Amino acid sequence: MATARQTSRGNSKVRNNKTLRIGFIGAGGIADLQLRLLAKRKDVAVTALSEVNPETLQRRQAELPDAHCYTDYKEMLKTEKLDAVSVCTPNILHMQPTIDALRAGNHVLCEKPLSMTVAEGRKMLTAAKRARKKLIIGFQYRYDPRTQYLRQAMEEGQFGNILYGRVQAMRRRGIPNWGVFGRKELQGGGPLIDIGVHVLEMTHYTMGAPTPVSASADMFTYLGNKPSGGIQSMWPNWDHETYTVEDLAVGRIRFDNGAVLHIESAFAAHVPDASQMNFQLMGDKGGATWSPTVIFTDEAGHMVNKEPAWLADTAFDKVFERKMKGFVDHVLYNKPTIAPATDGLKVQAMLNALYASADKKGKEVSIKL
Ligand SMILES: NC(=O)c1ccc[n+]([C@@H]2O[C@H](COP(=O)([O-])OP(=O)(O)OC[C@H]3O[C@@H](n4cnc5c(N)ncnc54)[C@H](O)[C@@H]3O)[C@@H](O)[C@H]2O)c1
């Protein structure tokens with residue numbers, strides 16, 4: 001593969017000690033959103049990009065004429081003086097590019113999930129420690145005010161002991177028709193690891209991040225491996241021939257504190273809503289739903305439903321913008337992060353155990369962390 005450093009022009013943003021030089025590994029869909037949001041910041045300069053798809057690389061080069069573009073990320077890491085790298089490649093390419101970027105002296109934002117396996121995740125965390133660099137995981141739903149409200153309520157003890165979390169990440173017909181989201185060998189799985197991970201991780205975070213001890217799951221594939229036919233949907237004509245992931249995952253996780261979590265996640269299921277991302281908590285003192293954001297408890301001799309009178313904007317782009325701000329503020333200004341990559345490990349263990357159980361026809365598998 002030819003290495004293409006396609007421009008050598010300097011970056012137009014004036015660089016000083018408070019400008020973060022960021023390079024990208026992978027410049028597809030999610031990189032597009034990250035780039036648009038980072039472009040709003042005066043203290044960030046995207047100075048390099050690496051991307052193996054020539055058309056995508058060409059498009060990014062046109063959008064960011066001052067950035068140095070590469071087809072080989074290792075060449076980018078060797079040549080460029082960067083402060084941080086954003087890893088936006090398919091899941092199978094989270095571990096090695098992250099480790100390489102850390103070893104090259106960069107802080108890293110790695111998109112979710114952390115990796116394909118717990119063992120990979122551990123290697124990434126070790127590399128960050130050894131390099132003394134910051135490694136952040138792309139869990140943007142932590143930056144959603146609904147999540148922060150419920151997390152704080154949990155910390156205040158409003159739910160008492162949380163006994164049960166119910167997770168839903170369901171699309172009626174939302175099989176991605178781009179990228180490699182239907183290829184188990186490149187992504188590690190389907191909706192569970194792609195969209196389920198978001199709701200699983202924010203539920204787990206809101207439960208106080210208990211340690212998972214076992215998991216069981218069943219998974220079903222019945223639509224993605226067939227042509228989309230004439231059915232109208234948001235992303236028709238997915239690649240059914242390479243589709244090897246589940247359409248629907250249904251699982252159960254047990255934690256060391258006795259709590260239990262149920263998860264349902266689907267790219268395609270015959271359900272009422274086009275898309276439903278939500279969770280519910282039940283504790284011995286109170287419960288909650290994330291959307292609408294309501295706490296169910298007892299007060300003044302009555303059962304009451306409490307809702308925040310005002311929440312910051314929960315629109316996807318706004319929440320994502322806070323994630324990017326969290327990353328930049330952490331690496332540039334040393335502000336604390338609410339999404340350290342270490343938090344990705346328990347989530348990874350739960351995902352992997354759910355898939356392992358499904359491979360064993362739903363038999364409960366233990367999780368050792
Ligand atoms: N946080 C979120 O809400 C969110 C949303 C979507 C995707 N993601 C995650 O982001 C990652 C990428 O997803 P996407 O939607 O952008 O997929 P995508 O297919 O649109 O983009 C991935 C890009 O990586 C490129 N690539 C592959 N191998 C490469 C390599 N060796 N070097 C450089 N580039 C390489 C591909 O050519 C492609 O352009 C996935 O891990 C996914 O889980 C996160």
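The values are calculated or read from the model by the stated rules, or taken from the named source; none is laboratory data. Bear in mind the structure is a predicted one, so any value in this text is a computation, not a measurement. Ideal geometry is used to build each Cβ from the backbone, glycine not excepted, and the neighbour counts take in all protein chains shown.
Looking at (1) closer than 21 Å to Met324 by Cα; (2) in contact (Cβ under 8 Å) with a residue 60 or more places away in the chain, can you tell me which one Ile99 breaks?
(2)
I'd like the residue in region 74-90 that is polar (S, T, N, Q) and more than 8 Å from the ligand (Cβ to nearest atom) and, out of all such residues, is farthest from Thr342 (Cα to Cα).
Thr79
Let's see how each residue does on (1) crowded, with 23+ Cβ neighbours inside 10 Å; (2) touching a helix residue (DSSP H, G or I) at 6+ places or on another chain (Cβ under 9 Å); (3) at pLDDT 95 or above:
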position	(1), (2), (3)
Gly23	yes, yes, yes
Gly29	no, no, yes
Leu33	no, yes, yes
Leu38	no, yes, yes
Lys42	no, no, yes
Leu49	yes, yes, yes
Val52	no, yes, yes
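Which of (1) more than 22 Å from the chain's Cα centre (by Cα); (2) of a type in the set (Asp, Glu); (3) within 16 Å of the ligand (Cβ to nearest atom) is the odd one out, the single condition Asp218 does not satisfy?
Asp218 satisfies all of (1) more than 22 Å from the chain's Cα centre (by Cα); (2) of a type in the set (Asp, Glu); (3) within 16 Å of the ligand (Cβ to nearest atom) except (3).
Can you find a residue in region 66-73 that is away from the ligand (no atom under 13 Å from the Cβ), in contact (Cβ under 8 Å) with a residue 40 or more places away in the chain, among the aliphatic types (A, V, I, L, M) and buried (at least 16 other Cβ atoms within 10 Å of the Cβ)?
yes
Taking into account only those residues within region 297-336 that are among the aliphatic types (A, V, I, L, M) and touching a helix residue (DSSP H, G or I) at 6+ places or on another chain (Cβ under 7 Å), which is surrounded by the fewest Cβ atoms within 10 Å (Cβ to Cβ)?
Selected residue: Leu311.
Surrounded by fewer than 16 Cβ atoms within 10 Å (Cβ to Cβ) and either in contact with a Pro (Cβ under 9 Å, 6 or more places away or on another chain) or aliphatic (A, V, I, L, M) (or both): which single residue out of Val245, Val260, Val250 fits that description?
Result: Val260 is the single residue among Val245, Val260, Val250 that is surrounded by fewer than 16 Cβ atoms within 10 Å (Cβ to Cβ) and either in contact with a Pro (Cβ under 9 Å, 6 or more places away or on another chain) or aliphatic (A, V, I, L, M) (or both).
Of the residues that make up region 149-161, is at least one hydroxyl-bearing (Ser, Thr, Tyr), in contact (Cβ under 8 Å) with a residue 60 or more places away in the chain and assigned by TED's automatic domain parsing to the domain that holds Lys306?
Checked against the condition, which is being hydroxyl-bearing (Ser, Thr, Tyr), in contact (Cβ under 8 Å) with a residue 60 or more places away in the chain and assigned by TED's automatic domain parsing to the domain that holds Lys306, region 149-161 yields at least one hit.
Output the residues belonging to region 125-146 that are in contact with a strand residue (DSSP E or B) (Cβ under 9 Å, 6 or more places away or on another chain) and within 16 Å of the ligand (Cβ to nearest atom).
Leu135, Ile136, Ile137, Gly138, Tyr141
If you take the residues of region 162-176 that are more than 11 Å from the ligand (Cβ to nearest atom) and over 30 Å from Asp284 (Cβ atoms), which of them is surrounded by the fewest Cβ atoms within 10 Å (Cβ to Cβ)?
That would be Arg172.
Looking at region 91-115, which of its residues are within 13 Å of the ligand (Cβ to nearest atom), aliphatic (A, V, I, L, M) and buried (at least 24 other Cβ atoms within 10 Å of the Cβ)?
Residues satisfying the conditions are Ala101, Leu109, Leu114.
Would you confirm, using the coordinates I've provided, whether Phe159 is out of contact with any His (no Cβ under 9 Å at 6 or more places or on another chain), of a type in the set (Phe, Trp, Tyr) and surrounded by fewer than 23 Cβ atoms within 10 Å (Cβ to Cβ)?
Answer is no for this residue.
Spot the failing condition for Phe181; the list is (1) surrounded by fewer than 24 Cβ atoms within 10 Å (Cβ to Cβ); (2) part of a loop (DSSP other than H, G, I, E, B); (3) within 13 Å of the ligand (Cβ to nearest atom), and only one is missed.
That leaves (1) as the condition not met.
Tell me which residues, restricted to region 49-65, are within 11 Å of the ligand (Cβ to nearest atom) and outside any helix (DSSP H, G or I).
Leu49, Ser50, Glu51, Val52, Asn53
Return yes or no: is Ala339 within 16 Å of the ligand (Cβ to nearest atom), out of contact with any helix residue (DSSP H, G or I) (no Cβ under 9 Å at 6 or more places or on another chain) and either over 17 Å from Arg151 (Cα atoms) or not β-branched (Val, Ile, Thr) (or both)?
Here the answer is no, as Ala339 does not meet what is asked.
Which condition from (1) out of contact with any Phe, Trp or Tyr (no Cβ under 7 Å at 6 or more places or on another chain); (2) over 21 Å from Gly26 (Cα atoms); (3) part of a helix (DSSP H, G or I) is the one that Gly160 breaks?
(3)
Those residues that are more than 16 Å from the ligand (Cβ to nearest atom) and of a type in the set (Ser, Thr, Tyr), I need them from region 221-251; list them, please.
Across region 221-251, the qualifying residues are Thr221, Tyr222, Ser228, Ser233, Thr244.
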